[in-house]
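See structure below.
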Amino acid sequence: MKKLVERIVALVMAVSITSCFLCASAALESSRYLDSYSVTVTARSTARIIVNVDVDATGTMDEVGATSIAIYRSADGVDFEYVRSYDYEDYSQLMGSGRYFNEDVITYYGIPGYYYCAEAFVYAGDETGSDTRQGMSNVVQAVS
């Protein structure tokens, strides 16, 4: 019985220590400007690849959104190559102003059977400073 109690105590301590490390790691990743962000890719008919970038700031920002979105393609789902990018200077809808969030949707026409993913650099900033982070999407296969 004593061994069982010792094992339970050891397990509880291990879980507690691991939780502390995870909390410390999350604190290092926190931002004064970016609350959360996500990059998702969805495959639609006629080989349409829909890229959705959702950026939430910690409050109202002068600018919030994606500074750039890059599309990558792969024939085997493993080795990806760059095929296209969208920059907020050319696509003004990628960046919002005077808001605490921005959602961007880009449609890219791919090749049926190929795999696609996206990379986005998200941004939030005001007169006190700014922050930029990189986000990667899931991988989808284009359908006809």
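The values are calculated or read from the model by the stated rules, or taken from the named source; none is laboratory data. Computed from a predicted model, the values in this text were never measured in an experiment. FYI the Cβ positions are ideal-geometry reconstructions off the backbone, even for glycines, and counts take in every protein chain you see. Areas reflect the complete protein model, heavy atoms only, side chains present, ligands, DNA and RNA absent. Shrake-Rupley method; radii C 1.70, N 1.55, O 1.52, S 1.80 Å.
Quick look at the numbers
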| item | result |
| --- | --- |
| Whole-percent carbon and sulfur share, accessible surface of the range 39-93, 1.4 Å | 41 |
| Ordering of 81-93, 54-66 by burial proxy (mean other Cβ atoms within 10 Å per residue, highest first) | 54-66, 81-93 |
| Förster radius 22 Å - calculated FRET efficiency between THR128 and ILE50, Cβ distance, rounded to 0.05 | 0.05 |
| Length added when fully stretched, TYR109-ARG32, from 0.36 nm per residue minus Cα-Cα | 24.1 nm |
| Efficiency of FRET between SER144 and ARG84 - r from beta-carbon atoms, R0 22 angstrom, step 0.05 | 0.65 |
